[in-house]
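Written out below as structure tokens is the structure these notes cover.
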Protein chains: 4
Amino acid sequence: MSNFKHSFKNDYSEMAHPRVLEALSSIGSRQFTGYGLDEFSFRAIELIKARISKPSADVHFIAGGTHANLLVISSFLRPHEAVIAPDSGHIFVHETGAIEATGHKICTRAGHNGKLSVADIESVVAEHTDEHMVRPRLVYISLSTECGTVYTKTELTAISEYCRKNGLYLYLDGARLGAAINSSVCDLTYANVADLADAFFIGGTKNGALFGEAIVICNDDLTEDFRFLLKQRGGLLAKSSAIGMQFEVLLEDGLYDELACHSNAMAMKMADGIRRLGYDFLCPAETNLIIPVFPADVAERMHQLYDFHDWQKIGDTMAVRLVTSWATPESMVDGFIADLAAI
Amino acid sequence: MSNFKHSFKNDYSEMAHPRVLEALSSIGSRQFTGYGLDEFSFRAIELIKARISKPSADVHFIAGGTHANLLVISSFLRPHEAVIAPDSGHIFVHETGAIEATGHKICTRAGHNGKLSVADIESVVAEHTDEHMVRPRLVYISLSTECGTVYTKTELTAISEYCRKNGLYLYLDGARLGAAINSSVCDLTYANVADLADAFFIGGTKNGALFGEAIVICNDDLTEDFRFLLKQRGGLLAKSSAIGMQFEVLLEDGLYDELACHSNAMAMKMADGIRRLGYDFLCPAETNLIIPVFPADVAERMHQLYDFHDWQKIGDTMAVRLVTSWATPESMVDGFIADLAAI
Amino acid sequence: MSNFKHSFKNDYSEMAHPRVLEALSSIGSRQFTGYGLDEFSFRAIELIKARISKPSADVHFIAGGTHANLLVISSFLRPHEAVIAPDSGHIFVHETGAIEATGHKICTRAGHNGKLSVADIESVVAEHTDEHMVRPRLVYISLSTECGTVYTKTELTAISEYCRKNGLYLYLDGARLGAAINSSVCDLTYANVADLADAFFIGGTKNGALFGEAIVICNDDLTEDFRFLLKQRGGLLAKSSAIGMQFEVLLEDGLYDELACHSNAMAMKMADGIRRLGYDFLCPAETNLIIPVFPADVAERMHQLYDFHDWQKIGDTMAVRLVTSWATPESMVDGFIADLAAI
Amino acid sequence: MSNFKHSFKNDYSEMAHPRVLEALSSIGSRQFTGYGLDEFSFRAIELIKARISKPSADVHFIAGGTHANLLVISSFLRPHEAVIAPDSGHIFVHETGAIEATGHKICTRAGHNGKLSVADIESVVAEHTDEHMVRPRLVYISLSTECGTVYTKTELTAISEYCRKNGLYLYLDGARLGAAINSSVCDLTYANVADLADAFFIGGTKNGALFGEAIVICNDDLTEDFRFLLKQRGGLLAKSSAIGMQFEVLLEDGLYDELACHSNAMAMKMADGIRRLGYDFLCPAETNLIIPVFPADVAERMHQLYDFHDWQKIGDTMAVRLVTSWATPESMVDGFIADLAAI
């Protein structure tokens, strides 16, 4: 097809890993319990608890990430309580006001490379002094971030400690948690994340699942009646088993991390190639989402060959977002680099 | 397994029809566009438009029925506008206050056999006279109903005409639309439904899909910006293509109706057997959900053999809800009747 | 004026008691602190705490009753939690879905004479068994009720005990609390109410104030950050002092109870006259709102002479609602009875 | 009293203008209709329509400004629609997330001197390109602004034209509309405001009323069912007549503008004195709210003598907010300047 283009737009362009689909197909017409109370979900929950070394964790499966974010946040907060987030945060920019639609304000700071620092959080808290203002109550960060960067263990520990001292919940959007944990520059384990955050989700949609995310609530004070919220907001699926089963497949023998490693490796190879060709990056290339900066005309010509998103125009240059996935073939990366070299 | 029981609890106990899963598996690692803008969804939308003879219809795919209901209703109504529903309505009883959580009151009437009449609707409207009360604005009914009954063309036409004359929207919960349309006592076509209602959804979850419902908005005044609402409420999935593809499979050569017919046939056979054994029904057995009334001890003994829900205790008898599905084997129905006869 | 009619429509037809207006006028251009942090409010709060014998009570002033109801309820409940109320409850019938607009469902029972019993409440609780339904969490009752009746100490104690045993909050709408407490058939004191309820409000609007209600939160677990909610919902007035000052005037030397007593006395005189003329009542005449039942033509002719609301058509008779106020002159009551006798 | 301090904190520190209180007191126990359907409100509405030369305007009285803002905005917008506001906007900073609590996001720009420009608005619109983001739909500005500045007729006309061309509603927070219109640097009339905006409110609380604001909806498309919203959000007071009557007094013979002129004159005299003493201002002193910049120690010493709010620390200086009111005596201004000169 003459105008077919490979896509580096995102990590959900391919349907699902074959083993996930095989599992779904293998069930036949066996009957199981609805609404997440099935054996597959129960096994997946045990696998997650083991993976994060937290037997008390409360785990729920849900179809998508925006839904996970609005569910968690609206479950945890009272009406006047607000969220602190980086201004690049997915909930602030790309969820059509989903959090505000549940009644909660998001207070933002610019952050750095998509990451919030303790000082950022502190400055929001300091600004909110009385009942004429919202009460900041939950810190939202992403791992990996919208810029593809990761928090180090030191950084996340500092944020977590600040939150606990100041009565703030810490919630992590883990749509790309696999890519983060498996990044060579990340020294966090899943167990660390579960220790430091009050809640987070493990993203399946962007790492080989057909669809689905696993919400993990680590703070026992926040688990009460969560299934009521799930149901009320439309998130409790009759066939929730179909998500549970996918997580079972992804987690039972390391497939989840394998896929994330492949995705990261493809992006790192791409980043190396781009760097060797003399181009720089808007922020450190650490996971499967990288943001090189090309001269505007180079970006333009690459657009003719590949699908990807422009990130930000900076003078005569264009920072572009390139995302690899669990399914990206190495040849596609090689092709991209070759095409870029040929310009 | 000694304590294994077959289930007549619902029509979503089995995963998905093999052809649906085959289709999902056949895609491999081909890339497609996210968020419902993919070729499968586009083809499924065309199939739906053809099926309902309404080229202008606005179609959206979503993971579950509660989500569909709250999305449609909260998109159509202003804050002070309310819903009229039968008091057996799923949105009133079994969705954890999902509609109220979007800010809207539900005004109920008892109805008859799960169905609202024009007189029911009229009485709610008559009661709401000024700004100290909500303004009823949308009529919610289910086809088939929670009691497994169907509206006739005459009944639905009367409701539709009343709604149009009185500035009310008519919305149909079609979680079991296939069972309704394919019921031998239903003289409605899909095109009739699309003509008479302002919006409805075609249920996939309960008729062979892995998951998914197709929201159809027929009234052009109500389509604006619906995708914004979808996204804001967490309903727009990155891999919405996985739902579109399922509807393509279900609709391209009649599988959807075939499955509904099978499901209905199993229930009708069951109803015949029950009737022959001398038991009566709480309301007419018209689709794949039937409600026979057993003496309490008979119900109790059947519970030891099969999984199903009690519906309502009536004196010394128990009305029980039996649901068949696209996957129910005839032998399971025969077994149930034989076991019932043996009591 | 030939077509002038005296009104028995409600107890807020007259502006405010002269002593209230004098107090507001006496301040001149003295400066005071805004948003309820003024000396008048502080003194009024102390008067209320003394009156209810509850030094720990949390008191807030607000302009109107609907606002008080929605503020309290939305502050106390999580998103999936619901209200139990009589189906005659003001929040269910006459507040334009205000509670649902904050996201909460109201579960109703018919009750008796406007009152809920423990059995009513119990039956709602029993019906709500899992996460597919809302979780009933707060009982809303009115004192006096929409039918002008009062709860006895025994009745209210039973409800309160049931609520505490079952994790339900008890909230009292006290728009006409003065009329209730000062009713000759009511054996409750203000202190009893504060002991038995988790929260209630003392109505000013319907008992001599220009406007204003005093919300009293008795359960310490429910007071946190209430001023944030007040502000967020538009209820925290810059000149909240104007409400505080009115409550100071009403409470400092018994004016509040005096006005309620006058109002009740006028209604009781009216009820006696009506009874003597051979008419009956829909429910016991206990406070300043009474509901006699007249033949339809009698009701019709009295409408030509007086303003009042029809309550309910019952066969050939009409139950009508007659309300007296702090300002109703005895001559107006005498006139009504004379006119009724003359029919 | 030794530690008594005059206050320049705000323009709602004094109760109400004597003529307002006289009017309220003059009514005695005459009866009138509740919920804003009284003769006083009707006359006040006619006075407002005449004042703004807009006979079709829809006018509603409400107790406070935060409530007015959230009512108007939540009545006009669908769930996914958002507000554009300056980041100093009262709704963004000082209303405890009231707008977000109704479900709507606020998109901000820094603006200049508290004012938004067309370019600011344009940049928000340009950024919102699809359904993954909210749809900006209403522009919120204040007249006068939080910084005490006013829009010129040219500026407001440009904004209005941009809004109309781009499907945006223009809403003006007029908590200090009197001060703005009567500012010597403002060339706008009330009629201009009504022509250029879709809705605005005329503030009473900060200009001599006991309490109360008049919401004016100028765009006929936006008036439908507004009273339902008023009631639902707790804003429709039984004794709304008490607000209507105040506006009648304020508007029937120019008192409203007189009070605003006095307030402005006091601030201008103060500004002149401050300027003469060599101090500068953070932004132009145009109405009754001015923001001089003092050396930190000067601000500190003036705090010992007067109550006022710090606005912003800038290096070694402190910008402070000084507000005069309809009741500020000239002697208090003279005293302030004398005390400042003496430092």
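The values are calculated or read from the model by the stated rules, or taken from the named source; none is laboratory data. If you're wondering where the values come from, they're calculated on a predicted model, not measured in any experiment. Here Cβ is always computed from backbone atoms with ideal geometry, including for glycine, and neighbour counts include all displayed protein chains. When the accessible area is computed, the model is the full protein with side chains, heavy atoms only, and any ligands, DNA or RNA have been set aside. Shrake-Rupley method; radii C 1.70, N 1.55, O 1.52, S 1.80 Å.
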Next on the checklist: Among the listed residues A:V134, A:V118, A:V125, identify the single one that is β-branched (V, I, T), closer than 30 Å to B:G103 by Cβ and touching a residue at least 24 places away in the same chain (Cβ under 8 Å).
Outcome noted: A:V134
Next on the checklist: Could you list, ordered by first residue, the pairs with Cβ atoms under 7 Å in which the first is in segment B:149-161 and not assigned by TED's automatic domain parsing to the domain that holds B:N288 and the second is part of a helix (DSSP H, G or I), at least 6 apart or interchain?
Outcome noted: B:V150/B:A180; B:K153/B:N192; B:L156/B:L196; B:T157/B:L196; B:A158/B:V118; B:I159/B:V118; B:I159/B:I121; B:S160/B:L196
Checklist outcome for this item: Taking segment D:7-27 and the residues there that are within 8 Å of another protein chain (Cβ to nearest Cβ) and either within 30 Å of C:F308 (Cβ to Cβ) or β-branched (V, I, T) (or both), the one that is least open to solvent (accessible area, probe 1.4 Å) would be D:L24
Checklist entry - Any residue at all in segment D:186-194 that is open to solvent by less than 10 Å² (accessible area, probe 1.4 Å) and touching an Asp or Glu at 6+ places or on another chain (Cβ under 7 Å)? => result no
Checklist entry - When the residues of segment B:66-90 are filtered to those that are open to solvent by 20 Å² or more (accessible area, probe 1.4 Å) and farther than 23 Å from D:D225 by Cα, which remaining residue is farthest from the other protein chains (Cβ to nearest Cβ)? => result B:S88
Checklist entry - Does B:G204 fit the bill of being without any contact (Cβ under 8 Å) to a residue 60 or more places away in the chain, under 17 Å from the mean Cα position of the chain (by Cα) and within 14 Å of another protein chain (Cβ to nearest Cβ)? => result yes
Item to check | Residues located in segment B:284-295, provided they are aliphatic (A, V, I, L, M) and in a loop (DSSP other than H, G, I, E, B) | outcome: B:A285, B:I291
Checklist entry - Does segment C:268-282 contain at least one residue that is over 30 Å from D:R176 (Cα atoms), within 18 Å of the chain's Cα centre (by Cα) and either open to solvent by 20 Å² or more (accessible area, probe 1.4 Å) or aromatic (F, W, Y) (or both)? => result no
Checklist outcome for this item: Going through segment A:135-159 in order, the residues found to be in contact with an Asp or Glu (Cβ under 8 Å, 6 or more places away or on another chain) and open to solvent by less than 30 Å² (accessible area, probe 1.4 Å) are A:P136, A:L138, A:Y140, A:I141, A:S142, A:L143, A:S144, A:G148, A:T149, A:V150
Next on the checklist: Of the residues D:P329, D:P295, only one is free of Cβ contacts under 8 Å to residues at least 40 places away in the same chain and within 14 Å of chain C (Cβ to nearest Cβ); which?
Outcome noted: D:P329
Item to check | Residue in segment A:218-232 that is within 20 Å of A:P18 (Cβ to Cβ) and more than 11 Å from every other protein chain (Cβ to nearest Cβ) present | outcome: no
Checklist entry - Would you say B:I62 is of a type in the set (V, I, T) and open to solvent by less than 10 Å² (accessible area, probe 1.4 Å)? => result yes
Item to check | So A:F308, is it touching a residue at least 12 places away in the same chain (Cβ under 8 Å), out of contact with any Pro (no Cβ under 7 Å at 6 or more places or on another chain), open to solvent by less than 20 Å² (accessible area, probe 1.4 Å) and within 20 Å of A:E14 (Cβ to Cβ) | outcome: yes
Next on the checklist: Of all residues being touching a Lys or Arg at 6+ places or on another chain (Cβ under 7 Å) and open to solvent by 20 Å² or more (accessible area, probe 1.4 Å) in segment A:244-267, which is nearest to A:I202 (Cα to Cα)? Just the residue, please.
Outcome noted: A:L251
Checklist entry - Restricting segment A:36-59 to residues that are within 11 Å of another protein chain (Cβ to nearest Cβ), buried (at least 20 other Cβ atoms within 10 Å of the Cβ) and not in a helix (DSSP H, G or I), which is nearest to the chain's Cα centre (by Cα)? => result A:G36
Checklist outcome for this item: Selection from segment B:203-253 of residues among the charged types (D, E, K, R) and under 30 Å from A:H104 (Cβ atoms) yields B:E213, B:E224, B:D225, B:R227, B:K231, B:R233, B:K239
Item to check | Filter pass, C:L168 being out of contact with any Ser or Thr (no Cβ under 9 Å at 6 or more places or on another chain) and either within 24 Å of C:G111 (Cα to Cα) or surrounded by fewer than 24 Cβ atoms within 10 Å (Cβ to Cβ) (or both) | outcome: yes
Checklist entry - Which ones in segment C:91-133 are surrounded by fewer than 19 Cβ atoms within 10 Å (Cβ to Cβ) and on the phi > 0 side of the Ramachandran plot? => result C:N113
Checklist entry - Does segment A:232-240 contain any residue that is open to solvent by 20 Å² or more (accessible area, probe 1.4 Å), in contact with a Leu (Cβ under 7 Å, 6 or more places away or on another chain), in contact (Cβ under 8 Å) with a residue 24 or more places away in the chain and assigned by TED's automatic domain parsing to the domain that holds A:F61? => result yes
